[in-house]
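To keep things clear, I will list the structure first and then write my remarks on it.
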Amino acid sequence: MEKLRETWGSNIGFILAATGSAIGLGNIWKFPYITGDYGGGAFVLVYLACVLMIGLPLMVAELIIGRRAQKNPVKAFEKNHRAKSPWQLTGWLGMASGFIILSFYSVIAGWAMAYIFKSIRGFAGTSEQIQQQFVDLVLSPSGSIMWHTIFMVLVIGIVAGGIKGGIERWSKILMPALFMLLLGLMLHGLFNTTGGIAALNFLFAPDFSRLTAEAVLSALGHAFFTLSLGMGAMITYGSYMKKGSGIVKDAIIISFLDTFIALMAGVAIFSLVFHYGMEPGQSVGLIFKTLPVLFADTGPWVSVPFFILLTFAALTSGISLLEVVVVYFIDEKGWSRVKITLLAGGLVYIFGLLSAIATLTIPFRGSDQTFLDVFDFMTTNYMLPLGGLFTCLFIGWVMKEDDMAEEFGSRGMLLKLLRLALRYLTPIGIAMVLLHGLELLPFMDY
Ligand code: PFF
């Protein structure tokens, strides 16, 4: 007899876990710095459009595929089509993406943890000296490896606890804590600094003259990454849902919260940046190099909550990445959760050492790059979009409309619109990101 599959304890538990997967380094670390680089408001607007037109339909699609099949991403494609369906390759691709993303994600999350302790000690010295601390951390393999180890142990510990007892339980603690910390930091930015209004202007007053085709494609790629789409995470989390809850409503809540948190982080960070008269375009170094210089002045009351928040965000995303790899072996091979979590987590950890050792480089796209940069680029630009493309083509063209309607809950206008989006709009949008990643878009200069 088949073992009874785990389910979420409550719908709110599911929403917190899925929102936890979506809200991560992408929201607090990446979104602010790319918004800074691409000039603010107009980029934000395009990003919102991408979430609405591409992200949301795809999230609904993934949840439908998962909940209908009640299976891991590989089997979910088979169950919604037929045995040995070639579409199951999408599930395998997702598992590979989860494995690779977690391996480098853990290294960045480790830096965030290291910075909690640096913040407690306080940042002092010249701006160059403070920025140099980050370079030292990244270049010292022992430092990066130690924090990578600690982060992976936490992720493995939570996932080993199971759906209700691990992922849901911790999401219910970490997500509200994250929200409160961020709320405090945003209010601090708005009311305790002189940069609040400038930050709001920067984020919400669009200046379209600064919008480039490159920015549009980045917004689209980021919408994917930040909503945890294209690698089966939402299929997996959907597979633990009970029948009957409204998938569209849930997807809207998750996407909304994800976007809202990213904007809150933007306000919190840019208020500080403008308060100290800095330029918003600080690239990748925004969080770990520029902010610590400002934190030297604000003191630990601002910096410690900030890096705790970043760590919490990374943790609830990290667990979803590992869960995608683990669930296949529990479903299909009947392995015990603890055993496979230790094994898969251990392998991710070992693979992650490549990214933790920043002195290791490989030639990639014309220059020597760290493994972390190469893996980040490959997953964000190729693997996730490819997974997302297959997923929407599958549900739009292959899965039976009746099956989809049954999960969707109604047959009205909304379902028609969703099907239309998944058949045409979403695949075309994603195909453009992919072609851009391959430097093959005809109207761009490469
Ligand atoms: N959504 C996460 C973030 O914004 O940091 C990253 C991520 C997690 C991507 C889980 C994909 C995934 F399956």
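Close contacts from region 115-141, counting a first residue that is more than 19 Å from PRO305 (Cβ to Cβ) and a second that is surrounded by fewer than 17 Cβ atoms within 10 Å (Cβ to Cβ) and of a type in the set (Ser, Thr, Tyr), with Cβ to Cβ under 6 Å and a gap of 6+ residues or different chains, come to none at all. All of GLY238, GLY221, GLY230 fail the test of being within 14 Å of the ligand (Cβ to nearest atom), under 30 Å from ASP250 (Cβ atoms) and not in a helix (DSSP H, G or I), apart from GLY230.
The residues in region 162-183 that are over 20 Å from ILE23 (Cβ atoms) and either among the hydroxyl-bearing types (Ser, Thr, Tyr) or without any contact (Cβ under 8 Å) to a residue 60 or more places away in the chain (or both) can be counted, and the count is 1. Which of the numbered conditions does SER140 fail, given that it passes all the others? Conditions: (1) among the polar types (S, T, N, Q); (2) under 21 Å from THR341 (Cα atoms); (3) surrounded by fewer than 24 Cβ atoms within 10 Å (Cβ to Cβ). That leaves (2) as the condition not met.
Here the helices (runs of 4 or more DSSP H) wholly within region 56-164 that include at least 2 residues being closer than 24 Å to LEU372 by Cα and modelled with pLDDT under 95 are 127-139, 141-160. Note on region 86-100: residues that are touching a residue at least 60 places away in the same chain (Cβ under 8 Å) and crowded, with 17+ Cβ neighbours inside 10 Å total 10. If you go through region 20-75 and keep only what is away from the ligand (no atom under 13 Å from the Cβ), among the aliphatic types (A, V, I, L, M), open to solvent by 10 Å² or more (accessible area, probe 1.4 Å) and within 18 Å of PHE204 (Cβ to Cβ), you end up with LEU45, VAL46, LEU48, ALA49, LEU52.
Scanning region 398-431 for residues that are assigned to a helix (DSSP H, G or I) and buried (at least 18 other Cβ atoms within 10 Å of the Cβ) yields MET404, GLU407, PHE408, LEU418, ARG419, ALA421, LEU422, THR426, PRO427, GLY429, ILE430.
Restricting SER303, SER271 to those that are crowded, with 24+ Cβ neighbours inside 10 Å, more than 25 Å from ASP373 (Cα to Cα) and either among the polar types (S, T, N, Q) or within 16 Å of the ligand (Cβ to nearest atom) (or both) reduces the list to SER271.
Is there a residue being assigned to a helix (DSSP H, G or I), more than 16 Å from the ligand (Cβ to nearest atom) and open to solvent by 20 Å² or more (accessible area, probe 1.4 Å) anywhere in region 361-371? Within region 361-371, one or more residues are assigned to a helix (DSSP H, G or I), more than 16 Å from the ligand (Cβ to nearest atom) and open to solvent by 20 Å² or more (accessible area, probe 1.4 Å).
The values are calculated or read from the model by the stated rules, or taken from the named source; none is laboratory data. Note that the coordinates shown come from a computational prediction; the quantities given were computed from them, not determined experimentally. Heads up, the Cβs are rebuilt from the backbone with ideal geometry, glycines too, and the neighbour counts pull from every protein chain shown. Ligands, DNA and RNA are stripped out before the accessible areas are found, and what is left, the full protein with its side chains, is counted by its heavy atoms. Shrake-Rupley method; radii C 1.70, N 1.55, O 1.52, S 1.80 Å.
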